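> Take this structure, written in structure tokens, and hold onto it; I'll ask about it next.
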Amino acid sequence: MWRRASVFLSILEPPRHNASRFPFHTLFKENYGICPKHVPPIITFVLGGPGSGKGTQCAKIVENFGFKHLSAGDLLRREMVSDSEYGSMILDTIKQGRIVPSEVTIKLILREMESSDNHKFLIDGFPRSEENRIAFEKIIGAEPHMVLFFDCPEEEMVKRVLSRNQGRIDDNLDTMKNRLKVFEALNLPVINYYARKGKLYKINAVGTVDEIFEQVRPVFEACQVYIFSYFYHVI
Ligand SMILES: Nc1ncnc2c1ncn2[C@@H]1O[C@H](COP(=O)(O)OP(=O)(O)O)[C@@H](O)[C@H]1O
Ligand SMILES: O=c1ccn([C@@H]2O[C@H](COP(=O)(O)OP(=O)(O)O)[C@@H](O)[C@H]2O)c(=O)[nH]1
Ligand SMILES: [Mg+2]
């Protein structure tokens with residue numbers, strides 16, 4: 001109770017920092033003297049086909065809204081080049097454009113979440129199948145608060161991936177064809193699931209990076225208010 005009262009009183013005072021630029025965890029700790037490490041995290045899934053611009057827009061969301069960005073693909077690539085027992089399996093799977101078993105990806109995501117000071121996570125490129133989604137929600141014991149979907153025509157995605165130039169083993173036409181098939185067969189059902197639940201924010205992913213971010217910004221501005229009241233109620 002004392003915690004609620006102290007939060008309530010402090011809420012009447014202006015925060016010392018711009019809320020959009022600081023992790024909520026830090027903001028609460030500094031302004032309200034508490035560290036809500038026990039609070040369930042705020043999770044946003046960022047979905048879309050290969051090359052739709054997920055990673056690019058996540059960087060802008062981090063910069064403007066202080067989320068922690070977890071790219072499932074980046075975590076898998078990092079694991080692949082480490083001494084991991086999963087290394088060669090991940091390499092083969094990514095090369096073929098298929099999906100790595102849920103338990104491996106989820107383990108990597110959870111490890112990052114647990115070691116982070118932040119409470120707001122952008123999970124980029126995951127879940128990629130209904131099986132991924134169900135396994136994650138079961139382990140976390142909660143659903144994401146919202147889901148962004150970058151909607152991009154196939155030919156634009158192919159063009160972007162083939163000129164991405166990051167030396168990725170899957171950025172070639174053969175793998176891309178498989179990835180697009182996997183996207184349609186396995187990723188789209190996840191997107192449709194969240195649309196039915198009213199959690200999906202569909203973004204038109206054609207345009208300049210800044211034009212696209214202007215569609216993303218209001219979604220997160222509205223979410224800031226929600227997050228604030230969420231933390232207030234769970235603390
Ligand atoms: N709006 C855009 N217009 C043109 N190219 C873009 C746009 N957004 C991202 N890109 C480029 O397309 C490629 C794929 O973007 P990326 O963010 O890696 O997509 P994803 O994570 O969905 O695969 C990158 O080379 C990136 O610089
Ligand atoms: O949850 C995930 C995320 C990625 N991948 C694998 O990693 C590849 C690259 O994923 P990433 O998200 O980096 O690709 P992007 O869509 O950003 O181009 C995918 O094609 C999959 O083979 C996976 O198996 N599970
Ligand atoms: Mg990406």
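The values are calculated or read from the model by the stated rules, or taken from the named source; none is laboratory data. The model shown is predicted, which means the values in this text are computed figures rather than measured ones. Backbone-built Cβ (ideal geometry, glycine too); neighbour counts: all protein chains shown. Just the protein is used for accessible areas: all its heavy atoms, side chains included, with ligands, DNA and RNA removed. Shrake-Rupley method; radii C 1.70, N 1.55, O 1.52, S 1.80 Å.
> For the pair Glu211 and Arg164, how long in nm is the line joining their label points, each one 7 Å along Cα→Cβ?
Result for the modelled spin labels: 2.3 nm.
> Just how much of Asp210 is accessible, in Å², when a 1.4 Å probe is used and the result is rounded to the nearest 10?
Ignoring ligands and nucleic acids, Asp210 comes out at about 90 Å².
> Ordering Lys199, Lys138 from largest to smallest accessible area (1.4 angstrom probe), what's the sequence?
Putting Lys199, Lys138 in descending order of accessible area: Lys138, Lys199.
> Another question, then. Heads up, I need the accessible area for Ser115: 1.4 angstrom probe, whole protein in place, Å², nearest 10.
Solvent-accessible area, nearest 10 Å²: 90 Å².
> Ignoring ligands and nucleic acids, what accessible area does Glu103 show with a 1.4 Å probe (Å², nearest 10)?
Probe radius 1.4 Å; accessible area of Glu103 about 130 Å².
> Compare Val62, Val81 by solvent-accessible area with a 1.4 Å probe and give them largest first, with all protein chains kept in place.
Putting Val62, Val81 in descending order of accessible area: Val81, Val62.
> Heavy atoms only, probe 1.4 angstrom, no DNA, RNA or ligands counted: give me Ile212, Ile140 ranked by accessible area, highest first.
Details: Ile212 10, Ile140 50 Å².
Ranked list, largest accessible area first: Ile140, Ile212.
> Roughly speaking, what is the stretch gain from Lys138 to Asp83, that is 0.36 nm per residue apart minus the C-alpha to C-alpha distance, in nm to one decimal?
Between Lys138 and Asp83, full extension yields an extra 16.9 nm.
> Sort all Cα-Cα distances of segment 41-234 into consecutive 5 angstrom bins from zero, then give the percent of pairs in each bin up to the one containing the longest distance.
1, 7, 16, 21, 22, 18, 10, 4, 1, 0
> Taking the Cα centre as origin and putting +1 on Lys and Arg beta-carbons and -1 on Asp and Glu beta-carbons, what dipole magnitude results for segment 41-234, to the nearest 20 debye?
220 debye
> Hey, can you find the accessible area per residue of segment 41-234 for me, probe 1.4 Å, expressed in square angstrom?
47 Å²
> Which distance in Å, rounded to a whole number, links the C-alpha centroids of segment 118-161 and segment 82-102?
18 Å
> Output wanted: per-residue J couplings in Hz (rounded whole) for segment 96-105, from phi through Karplus 6.51 cos²θ - 1.76 cosθ + 1.60, θ = phi - 60°, x for Gly and Pro.
Couplings: 8, x, 8, 10, 5, x, 3, 4, 6, 4 Hz.
> Using the beta-carbon distance between Lys107 and Tyr193 and R0 = 25 Å, what value does 1/(1 + (r/R0)^6) give for FRET efficiency, to the nearest 0.05?
E(calc), rounded to 0.05, equals 0.65.
> Between Leu173 and Lys202, take the C-beta separation as r, use R0 = 30 Å, and let me know the FRET efficiency to the nearest 0.05.
0.65
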